[in-house]
1. Summing -39500 (n - 2.57) over the DSSP H runs of n ≥ 4 in the chain and dividing by its residue number, what mean residue ellipticity at 222 nm do you reach, to the nearest 500 deg cm²/dmol?
2. Of the listed values (i) 33, 27, 23; (ii) 46, 25, 23; (iii) 85, 26, 16, grab the one calculated as Cα extents along the principal axes in Å from the structure here.
3. Can you tell me the orientation of helix 27-38 relative to the chain, as the angle in degrees between its alpha-carbon axis and the longest Cα principal axis, to the nearest 10?
4. Given the peptides 35-41, 77-83, arrange them by the average over their residues of other C-beta atoms within 10 Å, most packed first.
Amino acid sequence: MALFPLTSNFQEDFVLQLVAVDTDNNMDEVAAAAAVHSVGRRVKARPGVLRVRRQGASEPFARDLKVADAGLRPMECVEIYWEGSTAHLREPRH
């Protein structure tokens, strides 16, 4: 149980955010922590489940996967997007 810094690239937001999460947080909790900084500020809220994936990856992390078990590095950028949106279907950027 320790604070862990991640960079959030939230769907439809033009600002990257530093998000402090806990190594015991699961990916749903990471998504919720990132949403606080974007939704209702620069991004309109919408129904649906938020998903988390490594920047440029095509598949999201499992929702119950803990940060400590995800293999993420401090300050690594993760993408947060609404499941079912077309954003999760795009080709990864390299």
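A short reminder: the numbers here are calculations on the coordinates, not readings from a lab. These numbers were taken from a predicted model, which means no experiment stands behind them. Glycine also receives a Cβ, built like all others from the backbone with ideal geometry; neighbour counts cover every protein chain displayed.
1. -4000 deg cm²/dmol
2. Recomputing Cα extents along the principal axes in Å here gives the entry labelled (i).
3. Result, in degrees: 60.
4. So the peptides 35-41, 77-83, ranked by packing, come out 77-83, 35-41.
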